[in-house]
RNA sequence: GCCCCGUUCGUCUAGCGGCCUAGGACGCCACCCUCUCAAGGUGGUAGCACGGGUUCAAAUCCCGUACGGGGUACCA
């Protein structure tokens, strides 16, 4: 089903970062537009003059692009329609649908006058004894009594429109047919609808998305939670994983297939199937998605994505990184990480001059390992003149262990890498070289001697 | 307080009156594989908030209750 007449929009305010909840809203709008062949519009709700600095806005564009969410029209800025907004307010004032208002000692006082006055706010006069009903694309019929609504400000005393006014006017002017947004905006809907009625416009179909919540089941907040998309990007989540995961918060395909290309998600997406209950943003599951996407990367792409992280690592200089080595063991590293930022720790021992043995590994892998000293002695001796090939190295370590009747791989691994776990050892050892390897084995042997 | 919205395994979800002794995924547990850690494979764990209706039949429809959330700004 395609309908080119459908127009939806994402309308963030310029906060200086893209919130994951906003990203999810943007994504659902985008998925909806793409799935029906409609138009996706980007509009910046910068009615509050203090906040429309370019640097606060560009990051939002950046993050949207990173996620692969592209827009067909815009970005438009609400502040560019100031004259139009002022005109609407002026009209409402002139025909008595709104009035001048001032806040005096916690009280709103009505000021006489039917024209805009500098320094005074304008309030919309909410009609009495009426019901505002609408059919939400996600929630079904919703209704409000206007008697429960207070007169609200549509024009600030500083000469700017409020979100309520600008939102109504702009959606009308831009021909928005569907407004998909967070549930936190549900109770503003009757106010906006009333304003649209005043200007003779047909309101869009609203679809209020369930909120994203934290473990306390509270709306994700900037203070307590990791909400910035940019931070997830820095930590090395793949955008494809992020988008795939976000799409599944509040919605699910009917065929139980969760990890799938965006093109299929678009195809499966159905606004009417969006859930109503709040969804917990589960990092563990995001990690799983990200790990899967990283695992499926081809080696070249993986290297390309990971090089910046390796180069930025302060433990070595960028020139130290051997791209060929990174690529050779890419597959082994890929199946061990959920985020790109974790990657350097799997390669580090290959690029470091010497390794520091982690305390835990020292204890468990060397001190407490049976006859670790003899294993090291044996391997040091055997490594001195054996062929420096993967299979030979493997066999050699094994043989030393067999002779002693103990497991020999772990002590060697700990001595060379400094850690208990890691990628398969012997291939990388070939690249590390005989000298460095034996050197590390000797160093570990010394440690053992001095600490026992 | 008032208004609005919501409630299926711990979590994300499938389910839109019979196919449900409720399916999948993450997590967790066990086993297999294995030079380690993983990955992978196999199996397991766990849920329709509660109470009334309606119906031959309800997780699915209606009404209450409880609990949770959102809003109630010259923020959006």
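The values are calculated or read from the model by the stated rules, or taken from the named source; none is laboratory data. Fair warning: this is a prediction, and the values are worked out from it, not measured in the lab. Virtual Cβ from ideal backbone geometry, glycine too; neighbours counted across all protein chains shown.
Observations on the structure shown:
- When the stretch A:320-341 is filtered for residues that are within 17 Å of residue A:424 (Cα to Cα) and touching a residue at least 40 places away in the same chain (Cβ under 8 Å), the ones remaining, listed by number, are A:325, A:328, A:329, A:332, A:333, A:334, A:335, A:336, A:337.
- Per the conditions (1) exposed (fewer than 14 other Cβ atoms within 10 Å of the Cβ); (2) more than 11 Å from RNA strand B (Cβ to nearest atom), the sole criterion not satisfied by residue A:256 is (2).
- Residues in the stretch A:104-122 that are surrounded by fewer than 12 Cβ atoms within 10 Å (Cβ to Cβ) and within 12 Å of RNA strand B (Cβ to nearest atom): A:104, A:105, A:106, A:107, A:109, A:118, A:119.
- Residue check for residue A:397: closer than 16 Å to residue A:349 by Cβ and either within 13 Å of RNA strand B (Cβ to nearest atom) or assigned by TED's automatic domain parsing to the domain that holds residue A:431 (or both): no
- Pairs are defined by a Cβ separation below 9 Å, a sequence spacing of at least 6 or placement on different chains, a first member in the stretch A:133-152 that is without any contact (Cβ under 8 Å) to a residue 12 or more places away in the chain, and a second member that is near RNA strand B (Cβ under 8 Å from one of its atoms) and assigned to a strand (DSSP E or B); the pairs so defined are A:133/A:141; A:133/A:142; A:133/A:143; A:133/A:144.
- Entirely in the stretch A:272-373, the helices (runs of 4 or more DSSP H) that have 3 or more residues that are in the same structural domain as residue A:244 (by TED's automatic domain parsing), surrounded by 14 or more Cβ atoms within 10 Å (Cβ to Cβ) and touching a helix residue (DSSP H, G or I) at 6+ places or on another chain (Cβ under 8 Å): A:283-295
- Listed by position, the strands (runs of 3 or more DSSP E) contained in the stretch A:64-117 that have at least 3 residues being at pLDDT below 95 and farther than 30 Å from residue A:20 by Cα are A:98-104, A:107-111.
- Listed by position, the helices (runs of 4 or more DSSP H) contained in the stretch A:376-442 that have at least 3 residues being within 39 Å of the chain's Cα centre (by Cα) are A:409-417, A:426-432.
- Restricting attention to the stretch A:154-177 and to residues that are under 23 Å from residue A:131 (Cβ atoms) and touching a strand residue (DSSP E or B) at 6+ places or on another chain (Cβ under 8 Å), the residue that is surrounded by the fewest Cβ atoms within 10 Å (Cβ to Cβ) turns out to be A:164.
- Tally of residues being part of a helix (DSSP H, G or I) and away from RNA strand B (no atom under 15 Å from the Cβ) across the stretch A:209-251: 8
- Scanning the stretch A:2-57 for residues that are modelled with pLDDT under 90, assigned to a helix (DSSP H, G or I) and either within 17 Å of the chain's Cα centre (by Cα) or farther than 24 Å from residue A:212 by Cβ (or both) yields A:49, A:50, A:54, A:55.
- Within the stretch A:259-292, the set of residues being touching a strand residue (DSSP E or B) at 6+ places or on another chain (Cβ under 9 Å), more than 7 Å from RNA strand B (Cβ to nearest atom) and over 17 Å from residue A:338 (Cα atoms) comprises A:271, A:274.
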